[in-house]
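A short worksheet on the structure shown next.
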Amino acid sequence: MSETINTPVDYQVDGKAFQGHLLHRRGATPSRGLLMAPNFFGVTERALDQAEQLLDEHSVIFLFDPFGVEGRPQTPEQAMAAMGALREDNDALRARLAEALAVLTREAGALGVPADRLAAFGFCFGGACVLELARSGADLRAFVSFHGLLDTPRPAAGPIKGAVLVLNGADDPMVSDESLVAFKKEMDAVDADWQLTHFGGAVHSFTAPNADMPGRAMYDAKVARRAFAAMDDLFDEVFG
């Protein structure tokens, strides 16, 4: 495996400082750019490790910074509060996502990736972020949510421009039956190209090896493998 280049990238949104990370393989000629939205802790060593594990010779990955360099949570309580505040301010969330996408477009472009060969994926809160990016009308090939929240204060009002894949634990206590019904209606109303896969017996955070809260948030290696394979399959389809 060739060396991974991990470059911190500073940017601003509404006068606030953010720092994401651009990852690619040394010597590779990538053909796709991927925006990765992390869980509610934001940019952490664990998120960077996950990005590196998912990186391949075809890809550039930009790890999105949802909270800014001065607002990174240090405890689960801080993470919940930061996530809740940002979910309540949908304008701010979408502005941060749009700027992160602009950074990916620019930085991946400098490595030879065309602006029309981009996609996004995210985990937990990051999955919700990716769905907000889709709802905002971002012109990406695909949007993939792993155990993400589905509810939104601003349902899609116009066309969703890429394929949407939601990978959901069938027993996730954070995803209500009502939100599943509303999500289907929302996607159908805008004639989206969407898929929703339920993994039987899985709960929240099934891709996170450190998740260990039975009945609520638990790692499931088998489900994680199947979910990542589903994302890989979709990316192979939309990127050709």
If the chain between Thr4 and Ala102 were fully extended at 0.36 nm per residue, the gain over the current Cα-Cα distance would be 33.1 nm
Percent relative contact order for the chain, counting Cα pairs under 8 Å at least six residues apart, stands at 15 percent
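Provide the three semi-axes, in whole Å and in decreasing order, of the ellipsoid equivalent to segment 143-196 as defined by the square roots of 5 times the Cα gyration tensor eigenvalues.
On the way: eigenvalues 68, 32, 16 Å².
The three semi-axes for segment 143-196 are 18, 13, 9 Å.
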DSSP beta bridges in the chain: the antiparallel percent, rounded to 5, is 35 percent
Full extension between Tyr11 and Ala221 adds, at 0.36 nm per residue less the Cα distance, a length in nm of 72.1 nm
Working note, the chain: Cα radius of gyration (Å, one decimal) and Dmax (Å, whole number) are 16.5, 48
Mean separation of Cα contacts under 8 Å (at least 6 apart) over the residue count of segment 107-240, i.e. the relative contact order in percent, is 20 percent
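Using only Cα atoms, figure out Rg for segment 43-82 and give it as a multiple of 2.2 N^0.38 Å. Numbers along the way, then the final one.
Working: Rg = 12.4 Å, N = 40, 2.2 N^0.38 = 8.9 Å.
After normalising by residue count via 2.2 N^0.38 Å, the value is 1.39.
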Length gained if Asp193 through Asp236 is fully extended, taking 0.36 nm per residue and subtracting the Cα-Cα distance, is 13.9 nm
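Kirkwood hydrodynamic radius, segment 114-240, all distinct C-alpha pairs: what's the number in Å?
After inverting the pairwise mean of 1/r, the radius is 14.6 Å.
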Filtering GluC sites (Glu not before Pro) in segment 1-94 by DSSP loop and by at most 13 other Cβ atoms within 10 Å leaves Glu3, Glu57, Glu70
Partner lysines whose C-alpha sits under 28 Å from that of Lys185, ignoring same-chain residues fewer than 8 away, are Lys161
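Here, each number is a calculation from the coordinates, and none is a lab measurement. None of these values were measured; they are calculated from a predicted model. When we count neighbours, we look across all protein chains shown, and the Cβ atoms used for this are built from the backbone with ideal geometry, even at glycine.
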